[in-house]
Amino acid sequence: MPYEIVHTIGSTVYFVFFLLFLWVQRTPRINPGAGWWAVAMLFALAARLALVVVFDDRSGHDAAVAVYASINVIEKFCLVMGLVRFFEVPARPRGFWIALLVIEAWIVLAWAGGISPLLRDGGVALFNAVFQVYAGWAVWSRRQLLAPRLLSITASASLLLALHWATFPFMARMPDWLTQGFMIGTALALTQYFSLLAAVLLSFQKRLLEAESRALDMAFQDPLTGLSNQRYMRTLFENALILAHRPHQLAAVIYIDVDNFKPVNDRAGHRVGDEVLKRLAARLRQSTRSTDICARIGGDEFVAICTQLEDADHAHSIAQKLLREFTAPLLVEGREYVLGASIGVSLYPLHGDTLGDLLECADRAMYQIKGGGKNGYRIHAGEAPA
């Protein structure tokens, strides 16, 4: 393939990838690695243009190669810096900067001082090969963090480029093979940067999915305790009713108001108070089944909806268990806190067929415990609210 066509293809590829990385980099809060790779593509493009536009390979060949090499090494530097930022590799960028300054000085001094081009290009080849090996290692060691198969391709392309650069001093002396070498290098670089671009897009997709998951958690979960919030509790209750419709089975709505919690907040502070609530929520979750619904509906108020109960005695045993858990001492930051719980219980379908009615009945029973001295439980005994 003619020399001009090879470099035109290479320049076009690098320009397209520069635009793609630049576009991706403009995405808010995107990983900074994309910005480094956009700059890398810009220098790779500039290096090719130096050969195609500024110089002719048939005249001033050594000068063309020297300029190409001095620009190309910056691309390798930006490649590695992007990998360090993207994968958060524990590296010292100062070493990369020093290596870049040393190789740039070597190229200038070798060309100006009349040092053998083979020796000059050998230094360039060593620099690029070492940086490509480092790139391959960095990607390979972090491949499990994102997409192992994709990043294995990136690592393989980097190592093949290291081998390819090892032949550069000899290719530079053989114009016929140099053209073929540029074709091979372009294909490997295309593979390397295409896989990196895919990695950036995958990381962006992962970030979106995580954000969506967090948004769903915020919509359905209490942010402090991780229990269901009141809105999600009402949604889940419909599923609980399906189970409760089985013959001779009941569902219990258990309303729990924590006793003596306000003094903890007032004396020990909200941080300790929050920790107490998280510990109580954990006890509530551990004391119920995975099919039950546990929710926090107020500052120190919890609700448990227990399904598939055989009879009212089953509700008694659950309430007794929860009362023991909520009255057991809590050790927080080296200090013991003894609280209590006023618990009201209503049963479906005996006391109502909607969550609103059942909560109202359980709330009445809970306030009867509050009025009688706190720290106990009661099952609603009256009729459902009109």
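The values are calculated or read from the model by the stated rules, or taken from the named source; none is laboratory data. Just so you know, these numbers come straight off a predicted model, no measurement behind them. Counting neighbours? That spans all protein chains shown, and the Cβs are built from the backbone with ideal geometry, glycine included. For accessibility, only protein heavy atoms count, side chains too; no ligands or nucleic acids. Shrake-Rupley method; radii C 1.70, N 1.55, O 1.52, S 1.80 Å.
When every Cα-Cα distance of the chain is counted in 20 angstrom steps from zero, the calculated P(r) takes the values 24, 29, 19, 21, 8, 0 percent. Of the residues Leu45, Gly344, Pro169, the one whose Cα sits farthest towards the positive end of the charge dipole of the chain is Pro169 (charges of +1 on Lys and Arg Cβ, -1 on Asp and Glu Cβ, taken about the Cα centre). A probe of 1.4 angstrom, applied to the heavy atoms of all protein chains, finds Arg48 with accessible area near 10 square angstrom. Could you tell me which of rounded, prolate or oblate describes segment 190-342, using a ≥ b ≥ c as the square roots of the eigenvalues of the alpha-carbon gyration tensor, with rounded for a/c under 1.5 and, failing that, prolate when a/b is larger than b/c and oblate otherwise? Since a/c reaches 1.5 but b/c is at least a/b, the shape of segment 190-342 is classed as oblate. Packing, as the average of other Cβ atoms within 10 Å across residues, places the peptides 348-358, 299-309, 251-261 in the order 251-261, 299-309, 348-358, highest first.
Between Arg335 and Asp313, the distance separating the two model label sites (each 7 Å from Cα on the Cα→Cβ line) works out to 4.4 nm. The overall shape of segment 99-195 is oblate: from the C-alpha gyration tensor, with semi-axes ordered a ≥ b ≥ c, the ratio a/c is 1.5 or greater and a/b is no larger than b/c.
Taking the chain as the reference, fit the longest principal axis to its C-alpha atoms, fit the long axis of helix 175-220 to the helix C-alpha atoms, and give the angle between the two in degrees, 0 to 90, nearest 10. Once rounded, the angle reads 10 degrees. On a per residue basis, the chain carries 50 Å² of accessible surface, using protein heavy atoms and a 1.4 Å probe. How high is the FRET efficiency between Leu208 and Leu19 when r is their beta carbon distance and R₀ equals 25 Å, given to the nearest 0.05? After rounding, the FRET efficiency stands at 0.65. Heavy-atom accessible area with a 1.4 Å probe sorts Lys262, Lys206, largest first, into Lys262, Lys206. Computed from Cα atoms, the angle from the helix 270-286 axis to the main principal axis of the chain rounds to 80 degrees. For Ala328 and Arg92, the difference between the fully extended length at 0.36 nm per residue and the C-alpha to C-alpha distance is 79.7 nm.
Extension gain for Asp274-Thr167 works out to 32.1 nm (0.36 nm per residue, less the C-alpha to C-alpha distance). Taking the chain as the region of interest, the number of lysine pairs whose Cα atoms are within less than 22 Å, with members eight or more places apart or on different chains, is 7.
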